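Engineer: One structure is given below, represented as structure tokens, and several questions about it will come after.
The values are calculated or read from the model by the stated rules, or taken from the named source; none is laboratory data. These numbers come from a predicted model, not from an experiment. Every residue, glycine among them, receives a Cβ derived from its backbone with ideal geometry; neighbour counts consider all protein chains shown. Each accessible area value is taken on the protein alone, full model and side chains, heavy atoms only, with ligands, DNA and RNA left out. Shrake-Rupley method; radii C 1.70, N 1.55, O 1.52, S 1.80 Å.
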Amino acid sequence: MPIRFALAAVLAALALVAPAGAQTSVVVVPGIKIGVVGGDRLQAVQQRIEPFRRRLAEEIGTSVTVLPMKDGQTLVDAFATGRVDYAVLSATGYAMAWRLCGCVEPIAAPRSIDGTGSYRSILVVKAASPAARLEDLKGRTVAVSDERSVAGRLWPFAEWARAGIEPETFFGRIETVRGPDAAVRQLLAGKVDAAVAWSDLEGDSAAGYDRGTLRALVDRKALDMADIRILWRSSAIPHGPHAVRASLSDGLKARIRDTLVHLKSDDPAAYEAIEPELGGGFGAVSHGLYEPLLVLVTPKPRPSAAPAATARPPG
């Protein structure tokens, strides 16, 4: 048992041997159900996550069951209606669950290997473009992702609207493509004047930074960073959280949070099992970090499944 839980174990043992007649309080913690997106490989996902399930059960002292769901919509609805107690969500998935019931709470979120816990939408133009700021693109063409993409459409559109720029009337044409990668390719091919992509904007700019659309294209030798400029960047978009039902006890929430925050150092295999993409460990988070995302989601009445962006990292 980890040292940080040793005192709790001793106190529990003392309670069991309390003198006759002494008033004691025994708290029984029921098992918890964790929901994750499994796609078409539900059994394979359940097997992959098993090291994490075992570790979490050991740390929090109760049984843990993993319930893979076919998609993010199903997971959000199961979470909001109480069919699972804990969910691994995208950022907009959490926002949707909160909008549906206000009964969920983020515990921790993964960080990238460079320690960042967020990413940004960016608007890029060719290096030779005369545009010096976003306002210079009035009446021009822009390539964006479809309505499911947070970084590729929803987030920048919302920020532009708050700044008084309505994308639908500001741009001469909005070209909807299959993701930020395709948007930048449209720009490089001369088919649009600007493209919306995403990046962490950390690290070597010549390499396309550490993570994101530009880095992926540079790595595939499909982009030379000297050929483009970043004209606009958004505020930070947080990585999706591990979240729990708010009705769980404060003690159980604290144990789950503590397990996640120490997971990478305590049990690297368990960390890799639950977070194979972002290798920087978990950091504690709170609802305020995700509150700006609430404007991006519109809940549908139950029993229909609630929509939610499922891709993570962004796109």
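Engineer: Could you pull the accessible area for Leu42 with a 1.4 Å probe, rounded to 10 Å²?
Structural biologist: Here the residue's solvent-accessible area equals roughly 70 Å².
Engineer: Taking Cα extents along the principal axes in Å straight from the coordinates, which label in (i) 84, 42, 35; (ii) 62, 44, 38; (iii) 60, 47, 39 is the correct one?
Structural biologist: Here the calculated entry is (i).
Engineer: Tell me the label-point distance for the pair Ala189, Ala236, using the 7 Å Cα-to-Cβ offset, in nm and rounded to one decimal.
Structural biologist: In this crude spin-label approximation the distance works out to 3.6 nm.
Engineer: Something else now. Sorted by accessible area (1.4 Å probe), largest first, how do Thr298, Thr176, Thr92 line up?
Structural biologist: From most exposed to least exposed: Thr298, Thr176, Thr92.
Engineer: Expressed as a whole number of Å, what is the distance separating the alpha-carbon centroids of the range 176-225 and the range 57-78?
Structural biologist: 35
Engineer: Go ahead and set up a Gaussian network model of the chain, Cα springs under 10 Å, then flag whichever of Thr62, Thr81, Thr116 fluctuates most.
Structural biologist: Of the options given, Thr62 has the highest mean-square fluctuation.
Engineer: Also, quick follow-up: Let me check something: with ligands and nucleic acids excluded, how do Tyr290, Tyr209 order by accessible area (1.4 Å probe), largest to smallest?
Structural biologist: The ranking, largest first, comes out as Tyr209, Tyr290.
Engineer: What relative contact order, as a whole-number percentage, does the chain give when Cα pairs under 8 Å and 6 or more residues apart are counted?
Structural biologist: With pairs under 8 Å counted, the relative contact order is 28 percent.
Engineer: Assuming R0 = 45 Å, what is the FRET efficiency of Ala163 and Glu277, from their Cβ-Cβ distance, to the nearest 0.05?
Structural biologist: 0.90
Engineer: Taking the full set of protein chains and a 1.4 angstrom probe, give the accessible area of Leu154 in square angstrom, rounded to the nearest 10.
Structural biologist: Only protein atoms counted, so the area is about 50 Å².
Engineer: While we're looking at this one, here's another question. To the nearest 0.05, what FRET efficiency results for Arg178 and Asp250 with a Förster distance of 45 Å applied to their C-beta separation? All intermediate terms of the calculation are to be shown ahead of the outcome.
Structural biologist: On the way: r = 44 Å, r/R0 = 0.98.
That pair, Arg178 with Asp250, gives E of 0.55.
Engineer: Write down the accessible area per residue of the chain in Å², having rolled a 1.4 Å probe over the full set of protein chains. Write down the numbers at each step before the final one.
Structural biologist: Working: 14980 Å² over 315 residues.
Result: 48 Å² per residue.
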